[in-house]
Amino acid sequence: MSRVGRQLISVPAGVTVTVAANNLVTVKGPKGTLEFTFHNDMTIDSANNEISVTRPSDSLKHRALHGTTRALLNNMVKGVTEGYTKILDIKGVGYRASLKEGNILVVSVGYSNPVEVLIPNGLTVDIPVNTEVHIKGIDKQAVGEFAANIRKIRQPEPYQGKGIRYRGEFVRRKEGKTAK
């Protein structure tokens, strides 16, 4: 059995989980609602404030789907109760971020013009300091993908360490050229 897949998911109070036909799972909680259609081979049971996932066989495909399905369900439950947050730090002289009209993120990171990025629905962006970007939402995949797209604008470079990085990310520094 999959070590991840066989673990039960506890459903906290205030969260409702419904499993419809074709493994369409809807999770409703205090922060919002998430829906996802899982593979038809997996059996998802919701009873006694617990969710269990079972697989039909021990084939390689079913073993891979077992753990993945359970992890995605757990992320959905955690998302509607606590939510997810990614924090990006901007390093560099003159590098900063700001919000424009509430749903556009403006990032100035050394290009001739600032880069404007539209914030997707379901995500909120806070900028407590102009060198920090806080991305919050209930969908873990959407939060991570948007954070990766922002980081991709100017990835941290190894010589001076300038760029956009995740909070706590280690950037390996290199030594520059030396004069003889």
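Descriptive notes on the structure:
- Screening Thr37 against (1) under 19 Å from Lys140 (Cα atoms); (2) in contact (Cβ under 8 Å) with a residue 60 or more places away in the chain; (3) not aliphatic (A, V, I, L, M) leaves a single unmet condition, (2).
- Complete set of residues in segment 78-133 that are touching a strand residue (DSSP E or B) at 6+ places or on another chain (Cβ under 7 Å), of a type in the set (D, E, K, R) and without any contact (Cβ under 8 Å) to a residue 60 or more places away in the chain: Arg96, Lys100, Glu116, Asp126, Glu132
- Any hit, segment 65-77, residues being assigned to a strand (DSSP E or B), modelled with pLDDT under 95 and surrounded by fewer than 19 Cβ atoms within 10 Å (Cβ to Cβ): no
- Odd one out for Ile164, checked against (1) under 12 Å from Gly92 (Cβ atoms); (2) loosely packed, with under 13 Cβ neighbours inside 10 Å; (3) aliphatic (A, V, I, L, M): (2)
- Residue list for segment 46-61, restricted to those being over 13 Å from Arg6 (Cβ atoms) and either in a strand (DSSP E or B) or modelled with pLDDT of 90 or more (or both): Ser46, Ala47, Asn49, Pro56, Ser57, Ser59, Leu60, Lys61
- Residue check, Asp45 among the acidic types (Asp, Glu) and surrounded by 15 or more Cβ atoms within 10 Å (Cβ to Cβ): no
- Once segment 48-64 is narrowed to residues that are surrounded by fewer than 13 Cβ atoms within 10 Å (Cβ to Cβ) and charged (D, E, K, R), the residue that is nearest to Ala21 (Cα to Cα) is Glu50.
- Residue identified as among the aliphatic types (A, V, I, L, M), touching a Pro at 6+ places or on another chain (Cβ under 8 Å) and not in a loop (DSSP other than H, G, I, E, B) among Ile135, Ile90, Ile164: Ile164
- In segment 115-132, the condition of being modelled with pLDDT under 95, surrounded by fewer than 10 Cβ atoms within 10 Å (Cβ to Cβ) and polar (S, T, N, Q) is met by at least one residue.
- Failed item, numbered, when Phe146 is tested on (1) crowded, with 20+ Cβ neighbours inside 10 Å; (2) modelled with pLDDT under 95: (2)
The values are calculated or read from the model by the stated rules, or taken from the named source; none is laboratory data. Please read these numbers as outputs of a predicted model, since none were measured by experiment. Note: ideal-geometry Cβ built from the backbone for every residue, glycine included; neighbour counts use all protein chains shown.
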